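One structure is given here, and the rest of the page talks about it.
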Amino acid sequence: MTVETKPQNICMELQATQDSENEGSKVLDIESSVSKDSALLSRLDEFPEGGLVAWSTAFGSFLILFCGWGYTSSFGVYEDFYTQYYLTNETSEAISSIGSFNTFLGTAVSLIAGSLYDRGYFYHLVIAGSLLQSVSLFMLSLAKPDQYYQIFLTQGLGSGIALGLLYVPSLAVVSHYFKRKRTLVMTFIILGSSLGGIIHPIMLNNLLNGHLGFANGVRASAGLVSALLLVACLCMRTRLDPPTTPVNYIAAAKKCLCDVPFIFAMAGAFLVQTGFYYPLFFLQLDSMKHGISTTFSFYSLVILNASSCVGRFTSGYIAAYTGVPNLTVISAISCGLIIFGTVGLSSLTSVVILGILYGYFSGVCNLGTPISGALLTSSYTWWKPAVFSGVASLAGAVMYSFMSFIFTRRNKF
């Protein structure tokens, strides 16, 4: 018996087979896409928490802070040297403006550097910042006595921009590798700034006031900084790709400006920073002018920065019991009161006590120096800048208190 096969039945069977294959292909594509997304999410959620690349990146960040904020913390050495020997025709206000402009750019340029980091320009920022810091310090060594603009352009402007380019990327890249250990690693990295504040003043005081003099002394310092920054660039590596969706900074700013505790925190930070750098920039000069031995005065900043290192290290443990807002208020009040205490600085013992106490609480607490310099005048009236900086710090502590109060009430309700 012959079986007749109709053409339209054959076409229908072929179409059904093709549809079945297409559906199977779509299912496979969907499963493949899901597996890829899952792998990406897994990569984002998993942190190495260690390893050679992770720890070398952390070490590179440590070196950058050592050569960045650690070097800025030693500006008190330059303040003393410029005032007494190198910029004798300039006022204390003008000289302190060099260091304050450097610190201002260190934070202001960070706003731009952070945005560029989010767009994947990490290596560009780190390399450019390192080169600029190196070039700025070597150019500083060429500055002539009483040529204020040369020192301001190199140390104030150039080094300040370099500091801003390096600061945020060096901290942010560490979050690619650590989550559970992030607090511990960040504490280690921040200690680079404190260690730099210990090593650089010792080195600069002996170089600038030794047989090498200003030019060769600054070159030796620049050589050390350049070598360490080169090591940092070789050590640091990124792990994650930049976010595909750009951050809406305008929306983020509007949200922050509607947050009352955040407003008080910004006001407090502004006021505290107004007085924060007064001891860092003027303690060594203050000691010298009060007749304390030159040798010991050279180590006044070392004492302050070493105590600051202890404060930064212990702040994490204390905050676990007091809470971060309360600890911030306590440290800001303490800094303000200790700055008032600098009015009574007159002996070696007072320098040690004030240096240790202020160093510790400033380490926990972590623009106003031109104002302090103007108040100091050429007659070295020390109580005026001390009172100004102390009042500014205490006013900042009041703002922090409001922030802490509102923040605590919000969490309760």
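The values are calculated or read from the model by the stated rules, or taken from the named source; none is laboratory data. Bear in mind that the values here come from a model prediction, so they are computed numbers and not experimental data. Cβ sites come from the backbone with ideal geometry, for glycine too, and all protein chains shown count toward neighbours. Accessible surface areas use protein heavy atoms only, side chains included; no ligands, DNA or RNA. Shrake-Rupley method; radii C 1.70, N 1.55, O 1.52, S 1.80 Å.
Within segment 264-298, the set of residues being of a type outside the set (Gly, Ala, Ser), assigned to a helix (DSSP H, G or I) and farther than 20 Å from residue 348 by Cβ comprises 264, 266, 270, 271, 272, 273, 274, 276, 278, 281. Do you know which of the residues in segment 46-75 that are among the polar types (S, T, N, Q) and assigned to a helix (DSSP H, G or I) is farthest from residue 231 (Cα to Cα)? Result: 72. Residues in segment 222-271 that are among the hydrophobic types (A, V, I, L, M, F, W, C) and exposed (fewer than 11 other Cβ atoms within 10 Å of the Cβ) were compared, and the one that is farthest from residue 104 (Cα to Cα) is 234. Among the criteria (1) farther than 29 Å from residue 240 by Cβ; (2) assigned to a loop (DSSP other than H, G, I, E, B), the one residue 155 does not fulfil is (2).
Of the residues making up segment 114-127, those that are open to solvent by 20 Å² or more (accessible area, probe 1.4 Å) and part of a helix (DSSP H, G or I) number 7.
Is it fair to say residue 111 is assigned to a helix (DSSP H, G or I), out of contact with any helix residue (DSSP H, G or I) (no Cβ under 7 Å at 6 or more places or on another chain) and surrounded by fewer than 20 Cβ atoms within 10 Å (Cβ to Cβ)? So residue 111 passes the test. Close Cβ contacts (under 7 Å, 6 or more residues apart or on different chains) running from residues in segment 224-236 that are closer than 10 Å to residue 127 by Cα to residues that are open to solvent by 40 Å² or more (accessible area, probe 1.4 Å) and of a type in the set (Val, Ile, Thr) comprise 233/127.
Candidates 234, 204, 230: the one that is in a helix (DSSP H, G or I), modelled with pLDDT of 90 or more and closer than 12 Å to residue 67 by Cα is 230. For the structure I just gave you, tell me whether residue 212 is in contact with a helix residue (DSSP H, G or I) (Cβ under 9 Å, 6 or more places away or on another chain) and open to solvent by less than 60 Å² (accessible area, probe 1.4 Å). When the stated conditions are applied, residue 212 does not pass them.
Taking residue 74, is it at pLDDT below 85 and touching a Leu at 6+ places or on another chain (Cβ under 7 Å)? Judged against the criteria, residue 74 is not a match.
State which residue is least open to solvent (accessible area, probe 1.4 Å) when the search covers only segment 130-149 and only residues that are over 15 Å from residue 219 (Cβ atoms) and part of a helix (DSSP H, G or I). Ranking the candidates gives 130 first.
Selection of segment 153-182 for residues being surrounded by fewer than 20 Cβ atoms within 10 Å (Cβ to Cβ) and within 30 Å of residue 90 (Cβ to Cβ) yields 153, 157.
When 276, 281 are checked against the criterion of being open to solvent by less than 50 Å² (accessible area, probe 1.4 Å), at pLDDT below 80 and touching a Gly at 6+ places or on another chain (Cβ under 7 Å), 281 stands alone in meeting it. Of the residues making up segment 217-251, just one is under 17 Å from residue 136 (Cβ atoms) and over 25 Å from the mean Cα position of the chain (by Cα), namely 217.
Note on segment 291-321: among residues that are among the polar types (S, T, N, Q) and open to solvent by less than 50 Å² (accessible area, probe 1.4 Å), the one that is modelled with the highest pLDDT is 307.
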